[in-house]
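The values are calculated or read from the model by the stated rules, or taken from the named source; none is laboratory data. Quick caveat, the model's predicted, so the values are computed rather than measured. Heads up, the Cβs are rebuilt from the backbone with ideal geometry, glycines too, and the neighbour counts pull from every protein chain shown. SASA here: full protein model, heavy atoms, side chains in, ligands and nucleic acids out. Shrake-Rupley method; radii C 1.70, N 1.55, O 1.52, S 1.80 Å.
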Amino acid sequence: MNEPHAVVRRLPSVSRAIDSEAFAPLVDRYGRPAVIDELRKVLAEHRERLLTASHSLDSRPGPAANGNAPAASVRELGLGALSEQVQQRLDRRRRSRSLRPVINGTGILLHTGLGRAPLAREAIDAIAAVAAGYASVELDLESGQRGRRARAVDELLCELTGAEAAVVVNNNAAATVLSLAALAAGREVIVSRGELIEIGGQFRLPEIMAASGAVLREVGSTNKTRIDDYAQAIGEATGALLLVHPSNYVVVGFTEHVSLDELVRLGRSRGVPVIHDIGSGALVDFAQFGFRDEPLAERSIAAGADVVLFSGDKLLGGPQAGIILGGRAAIERIERHPLARAMRVDKLTLAALAATLELYRDPQRTSGTVPLLRLLATPAAELRTRAERLVAALTALPAFAESFAEPEVLPGHGYLGGGAVPTQQQASWCVALSPRSIGLDEFARRLRAARPAIVGRVHDQRWWLDLRTVFPEQDAEVVGVLSAATR
Ligand SMILES: *Cc1c(COP(=O)(O)O)cnc(C)c1O
């Protein structure tokens, strides 16, 4: 190796920097190992840059005239500046690693990429109450005996749906795998070809089925499946009949499918259990918000399904969870399966789910208490008024007119999302902005980088904020973030 160039030696050493006063607050905040790690990287980059610069200077005849930048920058790079650089990178790293709150301006209520349902205040309080300490997860405080995990949640689920028994796992994908593994591993599960769904890219029914050890037995065709198709497929090897709510698509036109009632009748007469995956898991009728055909858990239980599956963080508006309802014998088999242990939920989920379910005991008030239902229940006229107020607040900002074309209040459509009825929409109102000084994509990027981040939609040469998914208490923050993003 060559002698290190003289300029390079002017960078401070790691040991001198890390013990300096300039680095003390950083070490306090991030810990010594993380700061040393980042400091090494920053110094290595400086060294690299200086070497390249000085080599190119060496090869030129007269460097002094305009080539004094690198050497000068070395002399100027004191410990203060160095610690600032390291701090910026550590801050950025921490920010990009942690989950950050987002104002959802997409109009998609159950946006999987944005964490689906926002939690009720009661659910958040319940999480906070058990998070820091211990909780009675498997201890019956009255008797002092070890009890079943999550008894309170199970009891609430049974009360609200009329089911005999219930068990909660991590999500509906887990609920599906576990139920199939426990009830039908090594046996055939009969499903209509019109219901081999894919949800969110990762949940594909044929693959989920394979993972459970059950054998997929497809019947019927994409658009037509009759009860006879199921009846003829039942045999020695049959483990279950599975009915899946096609939550994120519709088959229209020349179609025919089998109702749960028919399937239950068939299952009963042949001694085969019927599993109903209802997907979103509404506990109240969504027709009141203009969404038809969302199956109710209660209705599936009443119709006689042996097992009913749904998510906790879709239409129920609770934490991520998979809910399995059914008869006692079926639920006990599911609970005893070794996979149940691998899919069980923690105390935080149990606390949040119990608190959310508690709200449904007063169904008249859920459109005030469950945030998802509150967003859905907001009349479109109210969204319009808020959009107009937002626009008024924006146009009143001093530099707004220079940065934006006239903002518009335009009608939009809210969607349930999260794998629910894409064809059904709810009327909504939007604020549409066209920045002048920067491009639309750059504007959207700045809003995503803001605190809180705002995620909207870019289309039709505008940036759209759909108020269907924005809580009224966020309106003031929206104005603040929007005005800062153009500066
Ligand atoms: C959403 C959905 C699932 C997957 O549920 P997760 O809770 O996301 O795992 C499974 N089946 C149906 C019908 C669904 O709509």
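List of remarks:
- Some residue of region 339-353 being without any contact (Cβ under 8 Å) to a residue 60 or more places away in the chain, of a type in the set (A, V, I, L, M), farther than 30 Å from L183 by Cβ and open to solvent by 20 Å² or more (accessible area, probe 1.4 Å): no
Each row is one residue, and each column tells you yes or no for (1) assigned to a helix (DSSP H, G or I); (2) touching a residue at least 60 places away in the same chain (Cβ under 8 Å); (3) open to solvent by less than 50 Å² (accessible area, probe 1.4 Å).
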position: R365; (1), (2), (3): yes, no, no
position: L372; (1), (2), (3): yes, yes, yes
position: A387; (1), (2), (3): yes, yes, yes
position: V391; (1), (2), (3): yes, no, yes
position: P398; (1), (2), (3): no, no, no
position: A401; (1), (2), (3): yes, no, no
position: E406; (1), (2), (3): no, no, no
position: G414; (1), (2), (3): no, yes, yes
position: Q424; (1), (2), (3): no, yes, yes
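One line per residue, one yes/no per condition, for (1) open to solvent by 30 Å² or more (accessible area, probe 1.4 Å); (2) in a strand (DSSP E or B); (3) free of Cβ contacts under 8 Å to residues at least 60 places away in the same chain; (4) under 19 Å from R374 (Cα atoms):
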| position | (1), (2), (3), (4) |
| --- | --- |
| A444 | no, no, yes, no |
| V458 | yes, yes, yes, no |
| Q474 | yes, no, no, yes |
| E477 | yes, no, no, no |
| G480 | yes, no, yes, no |
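- Counting only residues that are polar (S, T, N, Q) and either within 20 Å of A174 (Cβ to Cβ) or buried (at least 22 other Cβ atoms within 10 Å of the Cβ) (or both), region 255-289 holds 1 of them.
- Residue list for region 445-475, restricted to those being modelled with pLDDT of 95 or more, more than 25 Å from G290 (Cα to Cα) and among the small types (G, A, S): A453
- E159 vs. criteria under 23 Å from T349 (Cβ atoms), assigned by TED's automatic domain parsing to the domain that holds I323, of a type in the set (D, E, K, R) and touching a residue at least 60 places away in the same chain (Cβ under 8 Å): yes
- Residues (in contact with a Pro (Cβ under 9 Å, 6 or more places away or on another chain) and assigned to a helix (DSSP H, G or I)) located in region 12-51: L43, R47, R49, L50, L51
- Here L157 clears all of (1) within 16 Å of the ligand (Cβ to nearest atom); (2) closer than 20 Å to S212 by Cα except the condition numbered (2).
- Residue within region 218-239 that is open to solvent by 10 Å² or more (accessible area, probe 1.4 Å), within 22 Å of the chain's Cα centre (by Cα) and in contact (Cβ under 8 Å) with a residue 40 or more places away in the chain present: no
- Inside region 168-185, residues that are under 24 Å from the mean Cα position of the chain (by Cα) and not polar (S, T, N, Q) make up a count of 7.
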